Structures are given as structure tokens and as C-alpha cells.
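Quick notes on the structure that follows.
The values are calculated or read from the model by the stated rules, or taken from the named source; none is laboratory data. As the structure is a computational prediction, the values presented were derived from the model and not from experiment. Cβ atoms come from the backbone with ideal geometry, glycine included; neighbour counts cover every protein chain shown. SASA here: full protein model, heavy atoms, side chains in, ligands and nucleic acids out. Shrake-Rupley method; radii C 1.70, N 1.55, O 1.52, S 1.80 Å.
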Amino acid sequence: MSISSAICNSFKQEILVGTHNFTASSGNSFKLALYTSSASLGAGTTAYSTSNEISNTSGSAYTAGGKVITSVTPALDGSTACCDFADVSFTSASFTANGCLIYNDTQADKAVCAVAFGSDKTVSSGTFTIQFPAADASNAIVRIA
């Protein structure tokens, strides 16, 4: 099993039928869930699942389903549509994560994209932060060229 970074294939079709609305403050609610290296996430992922989701070993920093992430209204960078999210942090955390899934909590937990961290990332009684890249044609976490 492994996690590979990819826009989910089901998401590609769902945006063409208007399933997902990324508009800030009036769009859908999106979440970010963290997973262990035993998870199988990638282009074929269709929805959020608790299978191999991390568990918090100390405190209350992580709960099943992950955290709501704040969407920034999509914009164009040249001819590429870009979507961005505000960075998200888990404070007082103790866990190990290998990747994450961004999913649409409003629309039946439909998957948007999987992100592989490249290796296990561990935090012990500290802050675990996911920093999203710049919302531009080369770096945005979700981009359509």
C-alpha cells in the first residue's frame, strides 16, 4: 500500500457536472484527513475513508475525519485555474502521518486529491502544520491547465 500525490480521477468528472464549489465562505466545506503509510491513496481514491487514518496517541489534536480547511476562491494564473487553502495546524499533537486526503465534506465526502508527504512525518507533543503551496500555475495544490 502507498500514498501517491494525485488529483482524484472521480473529482475530474465531478467538477464537470458541478459537484464541487470551492468559493470561499459560500461554497462547500472541505476537510483534510491524515493517513499512515499503510493507506492506499491516489488517483483512484473516490471518497474519504477511515481505513488507515492516523490515530492521535496523546491529547486531542486529531479526530477521525481530520480538520476543516479554509478554501480561497479559485482564480486564474494565466490560463490555469488554481485553488488554494489556508494552512492548517494540529496543536498539542502526537502522531505519525505519511500523507493526507482533501475531500468535500458537503458532498458525501467525495475525494478531491491525495498528497504524499514523501515519508513518515512525526510530531510529539507539538504542532503539526500542513503548509499549502502558492496558488499559481506551477504550484497550487489543485490546478486545472
Practice task
Return only the number of the condition from (1) at pLDDT 95 or above; (2) under 12 Å from the mean Cα position of the chain (by Cα) that Gly118 does not satisfy.
Solution key: (2)
Completion exercise
Thr63 fails exactly one of (1) part of a loop (DSSP other than H, G, I, E, B); (2) in contact (Cβ under 8 Å) with a residue 40 or more places away in the chain, namely (2)
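Going by the conditions given, is Ala39 of a type in the set (A, V, I, L, M, F, W, C) and in contact (Cβ under 8 Å) with a residue 40 or more places away in the chain? Please lay out each step first, then the result.
On the way: of a type in the set (A, V, I, L, M, F, W, C): yes; in contact (Cβ under 8 Å) with a residue 40 or more places away in the chain: yes.
Yes.
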Exercise for the section: Kindly check whether there is at least one residue in the stretch 7-28 that is under 14 Å from the mean Cα position of the chain (by Cα) and of a type in the set (Gly, Ala, Ser). Expected result: no
Practice task
Return the total of residues in the stretch 67-80 being over 25 Å from Phe128 (Cα atoms) and either of a type in the set (D, E, K, R) or over 18 Å from the mean Cα position of the chain (by Cα) (or both).
Solution key: 6
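Are any residues in the stretch 5-18 open to solvent by less than 30 Å² (accessible area, probe 1.4 Å) and of a type outside the set (A, V, I, L, M), and if so, which ones?
Of all residues in the stretch 5-18, those open to solvent by less than 30 Å² (accessible area, probe 1.4 Å) come to 6, 8, 10-11, 14.
The answer is Cys8, Ser10, Phe11, Glu14.
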